[in-house]
Amino acid sequence: MYLNKYIKAAANLKICVIGAGYVGLVTAGCFAEAGHFVICIDKDEERVDRLSHGILPFYEPGLEKLIRKNTLAGRLTFDTDLEKGVDFARLVFIAVGTPEGNGGVVDLGAISEVAQSIGELMKDYKIIVTKSTVPVGTGDYIQKIIKGRQKRTIPFSIASNPEFLREGSAVHDNFNMERAVIGTEDNHAIRVLEELYQPFTKNILITDVRTAEMIKYASNAFLATKLTYINQIANICEKVGVDVTQVSKGMGFDARIGKSYLNAGVGYGGSCLPKDTKALVAISDEVGYSFDLLKEVIHANEKQQLRIVDKLIELIGPLVDKQITVMGVTFKPNTSDIRYAPAHIVIRELKKKGALVKAYDPMADKITKNSFGATEVSSDLYESVKNSDGIIILTEWDKIKQMDLKHIKMNMKLPVIIDGRNMFSPREMKRQGFEYSSIGRPNK
Ligand code: NAD
């Protein structure tokens, strides 16, 4: 896909990307593809070793090809030695994880560790760019740490360059970037980063560091709010006999509203929206502002994830000793990422209510055993529904959309499907003999 688009940098930069996760790997691969020389550093030795042999730690469409191509071309290398990376590069991107800490507060442990090492290791001028999602003020924090760790004064620039990729289409997103946000007060850093991003997008927004940091949280909190809004509309639609998919369509034609993020469903999950919404609430609380709207979004989303279990109970009664199949455990299709996926909450709730749970996901072989407690995740769709009293669909995988419904029905004990992603037509499911319930659509 990216090969269709000609992206070539005017000058070849030397770049170090710290963190070989979703963001770091995509960033490193895309910069290398544009012709830059990139060293990607991760502290996980096994990850680095496997990446050096072209083996990726997770599934992301197009990424393996991109990494292998650029590794072979000698533009991309992987290492655990941060000193090597810092010595090599003029531009240093920080793309380590910023997980949820206590009470939703962002855990900046990895950021602080990396900043300390950069301060100790740097021997000449560097531009230090934060790609990780971090609270407003983290740029200043990184600057202070680096200065504090330098043995002699070495100049450096600080920038914030938040990442907006979507897992499942991250490579495509990076080559078709809607905007690049560059937050820095340093003119040299602005010139270098503008040059770096010009081949990727026409929309480059230059701000100060703090504004760039805020743009990322404000964007993710808005997306979570939009999704929660349509989910709540869906819940009303169920009560008044209206189809939410038609409502979304009618709303989406309005350019002020837009079509995206209007698919009602089981609630948002993933590694970003849940943690970033909680982080923004914590950031707001810290400065004495109660972000009530966002607090309600988080609460409503948790309720939405549980509603799907109530829908199942409405159809088949108490779940004690019932065999239930959960279809789709990744937080969205085309990824192997299960972080904060609705499946965690749904499976836990099903078990709490006494159900015996089986799970299916096309990415089963990439999902760590015991990620869902004792519930094994199988990649055999038809096996997973054997003797099942009900199916709950949580991820809109094509393989689920294309499943042979006759075969499914034959294998099940009771032909009951609760569709958390509105993947099937209620009329068609009725015709096929299923008891079917979805989100915000009448069962006719
Ligand atoms: P990830 O967990 O997939 O990857 C983080 C990597 O950093 C891991 O490989 C880990 O081993 C490595 N690491 C941690 N500490 C390190 C250290 N001290 N030195 C070297 N390597 C270290 O995380 P991710 O999903 O890529 O997210 C990274 C950041 O980007 C987070 O702040 C996240 O919120 C943000 N972000 C993520 C996405 C997304 O869709 N995943 C999108 C936009 C922004």
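Of all the options Y268, Y340, Y141, the one that moves most in a Gaussian network model of the chain with Cα springs shorter than 10 angstrom is Y141. Entry note, the chain: the mean residue ellipticity at 222 nm calculated from DSSP H runs of n ≥ 4, each adding -39500 (n - 2.57), is -13000 deg cm²/dmol after division by the residues and rounding to the nearest 500.
On C-alpha positions alone, give me the angle between the axis of helix 292-316 and the longest principal axis of the chain, in degrees, nearest 10. It works out to around 30 degrees.
The three principal axes of the C-alpha atoms in region 352-412 carry coordinate ranges of 31, 27, 17 Å, sorted with the longest axis first. Whole-Hz Karplus values for region 70-82 come out as 7, 5, 4, 6, x, 8, 9, 10, 10, 7, 9, 8, 5 Hz, taken residue by residue from phi with 6.51 cos²θ - 1.76 cosθ + 1.60 and θ = phi - 60°; glycine and proline positions read x. Within region 76-201, the proportion of Cα pairs with more than 17 Å between them is 61 percent. For region 95-139, the normalised intensity computed at q = 0.19 Å⁻¹ comes to -0.63 (log10 of I(q)/I(0), Debye sum over alpha carbons, equal scatterers, no solvent).
A quarter of the convex hull surface defined by the alpha-carbon atoms of region 24-140 gives 8.0 nm² as the mean projection.
Between helix 342-352 and the chain there is an angle of about 50 degrees, using the helix long axis and the longest principal axis of the Cα atoms. Each other residue within a Cβ distance under 9 Å of G54 adds +1 if Lys or Arg and -1 if Asp or Glu, for a net charge of +1. Relative to the longest principal axis of the Cα atoms of the chain, the long axis of helix 273-286 lies at roughly 60 degrees. Dividing the mean sequence gap of close Cα pairs (under 8 Å, 6+ apart) by how many residues region 247-307 holds gives a relative contact order of 28 percent. Taken over region 1-138, lysine pairs spaced eight or more positions apart, or on distinct chains, with alpha carbons under 22 Å apart number 19. When all alpha-carbon pairs of region 320-387 are counted, what percent fall beyond 18 Å? So the portion of pairs separated by more than 18 Å is 29 percent. With the convex hull of its Cα atoms as the shape, region 219-290 has an orientation-averaged projected area of 5.7 nm². Over region 191-245, the alpha carbon radius of gyration divided by the compact-protein estimate 2.2 N^0.38 Å works out to 1.86.
Here, P(r) means the percent of Cα pairs in each 10 Å bin from 0 to the largest distance; for region 265-345 it is 16, 39, 28, 13, 3. Kirkwood radius for region 274-320, taken over all pairs of different Cα atoms as the inverse mean of 1/r, rounds to 12.4 Å. Look at E178, E302, E435, E238 and count the other Cβ atoms within 10 Å of each Cβ; fewest to most, that gives E178, E302, E435, E238. The convex hull drawn around the Cα atoms of region 178-322, when projected onto a plane and averaged over every direction, covers 12.8 nm². What the pair-distance distribution of the chain shows, using all Cα-Cα distances binned every 10 Å from zero, is 4, 20, 28, 24, 16, 7, 1, 0 percent. Put in order of Cβ neighbour count within 10 Å, fewest first, the listed residues L82, L414 become L414, L82.
The alpha-carbon atoms of region 129-249, seen along their principal axes, cover 70, 31, 23 angstrom, with the largest extent given first.
Gap in Å between the Cα centre of region 80-146 and the Cα centre of region 334-405? Centre-to-centre distance over Cα atoms comes out at 36 Å. Among Y197, Y22, sorting on how many other beta-carbon atoms sit within 10 Å of each Cβ, with the fewest leading, yields Y197, Y22.
A short reminder: the numbers here are calculations on the coordinates, not readings from a lab. Because the structure is a prediction, the values reported are computed rather than measured. In this analysis, Cβ positions are derived from the backbone assuming ideal geometry, glycine residues included, and neighbour counts consider all displayed protein chains.
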